Amino acid sequence: MDKRNRFNPESLMMSYGYKPELSEGALKCPIFQTSTFVFQSAEEGKAFFEVAYGLREQLPNEELGLIYSRLNNPDMEILETRLKLWDDAEDAAVFESGMSAISTVLLEFLKPGDLLLYSMPLYGGTDHFIKHFLPKIGITALGFLPTQTEQDIAQIIESSGKKEALRMIYVETPSNPTNTLIDIQMCKRLAEKYSTGDERVYVAVDNTFLGPIWQHPLKHGADMSIYSATKYISGHSDVIAGAICGSSEVIGRIKTLRTFLGNMAGPWTGWLLMRSLETLKVRMDQQTQNATRIVEVLQSHPKVEKVYYPGLIKPGTRAYDIYKQQCLAPGAMVSFDVKGGEAEAFRFINGLELIKLAVSLGGTESLVEHPFTMTHSGIEHEQLYAMNITEKLIRLSIGIENVEDLIKVITTALDKI
């Protein structure tokens, strides 16, 4: 029986997919810093290329041979083998950045004339690519808000006049930066409704905020679980990377385009992410514990107007039903409104000790940023206000520091408002 069926992912992150006997008995996978690989014979080279270029099906128990690091590399392959365990996926693909993963998905599954439906808000880079690049190649994109029902969203599709052209539903849940939730199963129902015999509508989910530990989109009907691996998967703010998990068919298409775009992760990135996967569960456990304590303090502080955190969603609401259905924990991303506006938000940010002012998230250190003037500044103000992203909103990424120290510096900075 495959080890993945016998042990939990966190137990397999140390060694799964790696054979020490192939690397002089090294306990940890070495860094294969090479551009190309040697074939043992011309026949072997032919066989490797036949499989790599899809000229024939891979035989049972036949391993895809190493050819060239743009196609495959041991560090990348072992990383993908481990990464797919968290989502119980058939395959995974890693990239040199989260945006390269996202853009590759959109370019592979959309063509001129197609319609893309996406949730709002999205990460600023994704939002820009959808709104400013995709129209250049003839792709129409329509957004919907978390407050809209399945019927509302279906009406958006129907009213577009392009329902037959819908090819993908792209969602970010929880959303950046307000932690709003999108029902993945609802998206799957809509995708099935508008799929035809010849044309399938795919569901892609940006799972960066809770994944891969606290949410598994593939289990709720998504075709792709997408990550900025820079964030929690790396967890040390020293790597830029992206990843996608999904079926063999979906990832096969993505890897083919990745080969020709040349945006796969290199051996150093693969090695560093393998290192990080070993402590992923421990880090995310601690970060979530710290976040829940900090949320309690923020909720009761007189200088805080509202806290945006999945753990605060009220029972009896549609959002709560979604949370209980698809989330395993509230995570470690916390956003909140201070009483006031930009001046008060800046005073809080500038008054923080220990917590650094920087974009990105999911690292061992706690970070703060101001979405309205930083990560989401490229989005129209009217749209930002509609999504509760205002001048008074602050986003915290909670790290693994001593939680009492974090509470101390947060309350001290709030008192300076």
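The values are calculated or read from the model by the stated rules, or taken from the named source; none is laboratory data. It should be emphasised that the depicted structure is a prediction, and the values quoted were computed from it without experimental measurement. A quick note on method: Cβ atoms are made from the backbone with ideal geometry, for glycine too, and the neighbour counts reach across all protein chains shown.
If you go through region 83-127 and keep only what is surrounded by fewer than 23 Cβ atoms within 10 Å (Cβ to Cβ), of a type in the set (S, T, N, Q) and in a helix (DSSP H, G or I), you end up with Ser100, Ser103, Thr126.
Would you say Glu10 is outside any loop (DSSP other than H, G, I, E, B) and either touching a Cys at 6+ places or on another chain (Cβ under 6 Å) or over 23 Å from Ala89 (Cα atoms) (or both)? Considered against the rule, which asks whether it is outside any loop (DSSP other than H, G, I, E, B) and either touching a Cys at 6+ places or on another chain (Cβ under 6 Å) or over 23 Å from Ala89 (Cα atoms) (or both), Glu10 comes out as no.
Of the residues that sit in region 163-207 and are part of a loop (DSSP other than H, G, I, E, B) and small (Gly, Ala, Ser), which one is farthest from Asp114 (Cα to Cα)? Within region 163-207, the match that is farthest from Asp114 (Cα to Cα) is Ser175. Taking into account only those residues within region 123-142 that are in contact (Cβ under 8 Å) with a residue 60 or more places away in the chain and out of contact with any His (no Cβ under 9 Å at 6 or more places or on another chain), which is farthest from Ile313 (Cα to Cα)? So, considering only residues that are in contact (Cβ under 8 Å) with a residue 60 or more places away in the chain and out of contact with any His (no Cβ under 9 Å at 6 or more places or on another chain), the one farthest from Ile313 (Cα to Cα) is His128.
Applying a threshold of 8 Å to beta carbon distances and a minimum spacing of six or more residues, or different chains, the list of pairs starting in region 268-294 at a residue that is farther than 28 Å from Phe32 by Cβ and touching a residue at least 12 places away in the same chain (Cβ under 8 Å) and ending at one that is of a type in the set (S, T, N, Q) and in a helix (DSSP H, G or I) is empty. Scanning region 138-158 for residues that are among the hydroxyl-bearing types (Ser, Thr, Tyr) and part of a strand (DSSP E or B) turns up just one, Thr140.
For region 23-33, does any single residue satisfy the condition of being surrounded by 14 or more Cβ atoms within 10 Å (Cβ to Cβ), at pLDDT below 90 and among the polar types (S, T, N, Q)? Yes, that holds for at least one residue. Taken over region 29-83, the residue count meeting the criterion of being under 28 Å from Glu278 (Cβ atoms) and among the charged types (D, E, K, R) is 6. Of all residues in region 277-292, those that are buried (at least 20 other Cβ atoms within 10 Å of the Cβ) and either touching an Asp or Glu at 6+ places or on another chain (Cβ under 8 Å) or closer than 30 Å to Tyr202 by Cα (or both) total 4. Identify all residues within region 99-119 that are closer than 12 Å to Leu166 by Cα and acidic (Asp, Glu); write none if there are none. Within region 99-119, just Asp114 meets the criteria. Of all residues in region 136-149, those satisfying the criterion of being surrounded by 14 or more Cβ atoms within 10 Å (Cβ to Cβ), out of contact with any Lys or Arg (no Cβ under 7 Å at 6 or more places or on another chain) and either outside the structural domain of Thr178 (by TED's automatic domain parsing) or not β-branched (Val, Ile, Thr) (or both) are Leu142, Gly143, Phe144, Leu145, Pro146, Gln148.
For region 38-73, the set of residues classified as among the aromatic types (Phe, Trp, Tyr) and part of a loop (DSSP other than H, G, I, E, B) consists of Phe39, Tyr53, listed by residue number. Among the helices (runs of 4 or more DSSP H) confined to region 216-304, the ones with at least 1 residues that are under 30 Å from Arg189 (Cα atoms), among the aliphatic types (A, V, I, L, M) and under 18 Å from the mean Cα position of the chain (by Cα) are located at 248-261. Residue count for region 389-407, restricted to those that are of a type outside the set (D, E, K, R) and either part of a loop (DSSP other than H, G, I, E, B) or under 18 Å from the mean Cα position of the chain (by Cα) (or both): 8. Tell me whether region 78-95 contains one or more residues that are over 15 Å from Thr208 (Cα atoms), touching a residue at least 60 places away in the same chain (Cβ under 8 Å) and over 19 Å from the mean Cα position of the chain (by Cα). Within region 78-95 (the criterion being over 15 Å from Thr208 (Cα atoms), touching a residue at least 60 places away in the same chain (Cβ under 8 Å) and over 19 Å from the mean Cα position of the chain (by Cα)), the answer is yes, since at least one residue qualifies. Before we move on, is Leu352 out of contact with any Phe, Trp or Tyr (no Cβ under 8 Å at 6 or more places or on another chain), among the aliphatic types (A, V, I, L, M) and more than 17 Å from Thr173 (Cα to Cα)? Here the answer is yes, as Leu352 does meet what is asked.
Before we move on, is Ile355 under 17 Å from Gly331 (Cβ atoms) and under 24 Å from the mean Cα position of the chain (by Cα)?
No, not satisfied.
Residues in region 339-388 that are part of a loop (DSSP other than H, G, I, E, B), without any contact (Cβ under 8 Å) to a residue 40 or more places away in the chain and charged (D, E, K, R): Glu380 alone. Exactly one residue out of Val359, Val295, Val282, Val334 is farther than 29 Å from Val94 by Cβ and among the hydrophobic types (A, V, I, L, M, F, W, C), and it is Val295.
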